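Working notes, structure below.
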Amino acid sequence: MNGTRRLTVGDVLNEVVALYQQHFGVLVPTAFWLFLPVSILSGAAGQNDVGLFAAAAILTFAVAILYQGVVVSLVRDVQDGERKASVGELLRSVAPVLSTLLVTGILYGIGVLVGFILFIVPGCILVTIWAVIAPVIVIEKGGVGGSFRRSQELVEGHGWTVFGAVITATLITAVATLILTSIAEAIAGGAILRIVLGTLAATLTAPIAGLLAAVLYYRLLALKGPPREAPPQPPPSGPAA
């Protein structure tokens, strides 16, 4: 990470790609083992079992949130000059804030969904101002409400650049996933193939969102600085003599 004083979509995405390449050996195996149960459940569900499909959707959401926290933790260690030795240590580093990540992720999902239903623009705004919630939780140990506010504070003044980076990364992920799933449908419609291609798609694309959030966080932090601390309160005055 660098302490650059500028924020551009190209620079952000270049750094995401560089981190992806440098830490491929950790990012991809971690994604594989986390998303494999999701792909198995999704493949077994097919299109007719509503109960299994709903369970797979919930599990996918939970795993995605957990994985984004793991990726942010990895980038934090790189920034600090450290490196977690194993996938297990990365997972354990996220455990203390996992409940906050899950609750915040649910609120994020609901808010963005409602925002897109309301003529799309509100959803785009929320995706932008909440772009670095996961790093705030993992790195600053922010609470649920405070993480939303802190993310908005960091993004303020750089909204168009953050939006451009988020949308570009989302399109890259969507295209890659579409290609892999289209290949699966073209070859055959069996459950085993859906599991294999689903796992492959998740494994290769999952790191992008976490890396993007972490890169944006550290670049915005360099521009905005650490969170402002509340001014110290004067000691209460004693009773008059």
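The values are calculated or read from the model by the stated rules, or taken from the named source; none is laboratory data. Since we're looking at a predicted model, the values are computed, not measured. Cβ coordinates were reconstructed from backbone atoms using ideal geometry, including for glycine residues, and neighbour counts include every protein chain displayed.
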TODO: Assess whether SER93 counts as being surrounded by fewer than 20 Cβ atoms within 10 Å (Cβ to Cβ) and hydroxyl-bearing (Ser, Thr, Tyr).
DONE: yes
- [ ] State yes or no: is ARG150 in a helix (DSSP H, G or I), loosely packed, with under 15 Cβ neighbours inside 10 Å and not hydrophobic (A, V, I, L, M, F, W, C)?
- [x] no
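Conditions tested, residue by residue: (1) touching a Gly at 6+ places or on another chain (Cβ under 9 Å); (2) surrounded by fewer than 16 Cβ atoms within 10 Å (Cβ to Cβ); (3) modelled with pLDDT under 80; (4) more than 26 Å from LYS141 (Cβ to Cβ).
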position	(1), (2), (3), (4)
ALA31	no, no, no, no
SER39	yes, no, yes, yes
SER42	yes, no, yes, yes
ASP49	no, yes, yes, yes
ALA57	no, yes, yes, yes
TYR67	yes, no, no, no
LEU74	yes, no, no, no
GLN79	no, yes, no, no
LYS84	no, no, yes, no
Open item on the list: If I ask for residues that are surrounded by 15 or more Cβ atoms within 10 Å (Cβ to Cβ) and part of a helix (DSSP H, G or I), which ones from segment 153-171 would you list?
Closed with: GLU153, LEU154, VAL155, GLY159, THR161, VAL162, PHE163, GLY164, ALA165, VAL166, THR168, ALA169
TODO: Output yes when any residue across segment 98-106 is buried (at least 18 other Cβ atoms within 10 Å of the Cβ), touching a residue at least 60 places away in the same chain (Cβ under 8 Å) and not β-branched (Val, Ile, Thr), and no when none is.
DONE: no
Task: Candidates VAL136, VAL114, VAL127 - the one that is of a type in the set (Val, Ile, Thr), closer than 28 Å to ALA95 by Cβ and either modelled with pLDDT under 90 or not in a helix (DSSP H, G or I) (or both) - done: VAL127
Open item on the list: Being farther than 28 Å from GLN79 by Cα and touching a helix residue (DSSP H, G or I) at 6+ places or on another chain (Cβ under 6 Å) is the requirement here; does GLY105 meet it?
Closed with: no
- [ ] Scan VAL103, VAL166, VAL155, VAL162 and give me the residue that is at pLDDT 85 or above, under 13 Å from the mean Cα position of the chain (by Cα) and not charged (D, E, K, R).
- [x] VAL166
